Amino acid sequence: MKHVKTLAIMVALTAAPAAFAAGSMDGMDMKGMDMKPSAESKQAPQTVAAEIKKIDAKAGKVTLKHGPIENLGMSAMTMAFPVKDRASLKNFKAGDSVLATFDKIDGMATVVEMRHK
């Protein structure tokens, strides 16, 4: 019986914060609060200088050594990206210097445009 009482107390203590957090915000003074959009907000696509390291036309991916991609919150690195227009990959080869435009498509960092530098 002692274990049942302990369990009941633990359940009550665990549920209390959730019940408190679910309360209404009516009547709260929101003046002066920073109501900026979250980091997930849409930013304009960004063009970045890059070097093609590898092309996988079958998978529709290109591996790029690129500078920082600020609109996606990515630092400089080498990474494989899906390409929006797979057919365009035939115009490039490993070692090419390019300007790649990056954006998120279906939640994934994607090359939406790529052209020779």
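The values are calculated or read from the model by the stated rules, or taken from the named source; none is laboratory data. Here the structure is a predicted model, which is why all the values come from computation and not from measurement. So basically every Cβ, Gly included, is an ideal-geometry build from the backbone, and we count neighbours across all protein chains shown.
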Condition first: over 11 Å from Pro45 (Cβ atoms), among the charged types (D, E, K, R) and at pLDDT below 95. Now tell me which residues in segment 87-117 satisfy that.
Asp106, Lys117
Could you tell me whether segment 37-49 includes any residue that is crowded, with 16+ Cβ neighbours inside 10 Å, over 18 Å from the mean Cα position of the chain (by Cα) and at pLDDT 90 or above?
no
Every residue from segment 61-87 that is more than 15 Å from the chain's Cα centre (by Cα) and either more than 16 Å from Glu51 (Cα to Cα) or of a type in the set (Phe, Trp, Tyr) (or both):
Lys84, Asp85, Arg86, Ala87
Output the number of the condition that Ala76 fails; it satisfies all remaining conditions of (1) modelled with pLDDT of 95 or more; (2) surrounded by 19 or more Cβ atoms within 10 Å (Cβ to Cβ).
(2)
Considering each residue of segment 93-112, count those that are acidic (Asp, Glu) and either in contact with a His (Cβ under 7 Å, 6 or more places away or on another chain) or in contact (Cβ under 8 Å) with a residue 40 or more places away in the chain (or both), and give that number.
2
Go through segment 55-90 and give me each residue that's in a helix (DSSP H, G or I) and within 11 Å of Ala109 (Cβ to Cβ).
Asn71, Leu72
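Rundown of residues vs (1) within 15 Å of Lys65 (Cα to Cα); (2) of a type in the set (D, E, K, R), yes/no style:
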| residue | (1), (2) |
| --- | --- |
| Ala80 | yes, no |
| Lys90 | no, yes |
| Lys93 | yes, yes |
| Val98 | yes, no |
| Ile105 | no, no |
| Ala109 | yes, no |
| Lys117 | yes, yes |
